[in-house]
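Worksheet: one structure, shown below.
The values are calculated or read from the model by the stated rules, or taken from the named source; none is laboratory data. These figures come from a predicted structure and were not determined experimentally. Here the Cβ is made from the backbone with ideal geometry for all residues, glycine too, and neighbour counts use every protein chain on show.
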Amino acid sequence: MASLRGKTIALTEARRATELASLVVKLGGVPYSAPAVREIPRRDRRPARIALGLICADAVGVIVFLTGVGARAFLELAAEAGKREVLLRALAGMFVCARGPKPVAVLREAGVRIDLIPKEPTSEALLAELTPIRHLADSVVAVQLYGEDNIALVEGLTACGATVLEIPLYDWALPEDESPLERLVHDLIGGRIDVLALTSSPQVRNVLTVAGRLGAREKLLAALRERVTVAAIGPVCAAALGEVGVTPTIQPVKGTMGALVHAIADHLDRGKAAARS
């Protein structure tokens, strides 16, 4: 098994921070947790209410739940509107997809049957497994969003002929306590971090926002371009880095957080082998 070789790995993920830190320790690294985002309820709930109404009216054939937080928020929205039981009956007649274990847990707790759980908890895997088993042309597919647009999934569904009904339920904001992010910026600039692991584009934007407030944005970017190894999940996160001139050194083939940590270990092992030779 590849090793992180005692390197300090900065983790900006919030929801799975504990799991990721444990994996870093297991692989011989030192975790440095600095959550960069938090979930806040969306102020404008009209689009989600409209989607709820269409689903309860049996106007939607497929629904995709991407996060546990979003699945729970949608059930709570229905309860607030006095439509929870109507929603549950509607879901019983739909093709229900859940991207990963957290939405699965929420839906099963509510007694919702799940028709598709992809082998990998990514939007790409979900789309790849959905399209062969479900005819999407002329179908209405509801997609529960998670703080930002899921462009790849929406475009993929649209390319299959589906009409996509987006369900926006929450947004991503900066953490209430920004001091861990402030320390992260200083430690990245000071050379005390070996690898920065990013899992979403909002994390990139928020780290840079905090650096800007500290008057250290350019110093941080210089560190990320020249000294710090940057690891990123997915093309959207990589594109956000590319917009500021940072190219991630490590991008796992699989779009999961565990795969990201293992890819970092593989990279460090290859680097040591190269130095030895």
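Of the numbered criteria (1) modelled with pLDDT under 95; (2) over 17 Å from residue 166 (Cβ atoms); (3) crowded, with 17+ Cβ neighbours inside 10 Å, the one residue 103 fails is (2).
Check the stretch 110-129 and report whether any residue there is touching a helix residue (DSSP H, G or I) at 6+ places or on another chain (Cβ under 8 Å) and at positive phi. Yes, that holds for at least one residue. Set side by side, the residues 205, 192 differ, and just one is assigned by TED's automatic domain parsing to the domain that holds residue 242, of a type in the set (D, E, K, R), modelled with pLDDT of 95 or more and under 16 Å from the mean Cα position of the chain (by Cα), which is 205.
Among the criteria (1) in contact with a helix residue (DSSP H, G or I) (Cβ under 9 Å, 6 or more places away or on another chain); (2) more than 20 Å from residue 64 (Cβ to Cβ), the one residue 226 does not fulfil is (1). Under the condition of being in a loop (DSSP other than H, G, I, E, B) and touching a Cys at 6+ places or on another chain (Cβ under 6 Å), the residues counted in the stretch 184-200 number 1. Evaluating residue 56 against the criteria (1) of a type outside the set (Lys, Arg); (2) out of contact with any helix residue (DSSP H, G or I) (no Cβ under 6 Å at 6 or more places or on another chain); (3) surrounded by 16 or more Cβ atoms within 10 Å (Cβ to Cβ) leaves one unmet condition, (2).
Under the condition of being surrounded by fewer than 16 Cβ atoms within 10 Å (Cβ to Cβ), modelled with pLDDT under 95 and in a helix (DSSP H, G or I), the residues counted in the stretch 106-124 number 0. Please verify whether residue 197 is touching a residue at least 24 places away in the same chain (Cβ under 8 Å), in the same structural domain as residue 29 (by TED's automatic domain parsing) and under 27 Å from residue 65 (Cα atoms), treating the condition exactly as stated. It is true that residue 197 is touching a residue at least 24 places away in the same chain (Cβ under 8 Å), in the same structural domain as residue 29 (by TED's automatic domain parsing) and under 27 Å from residue 65 (Cα atoms).
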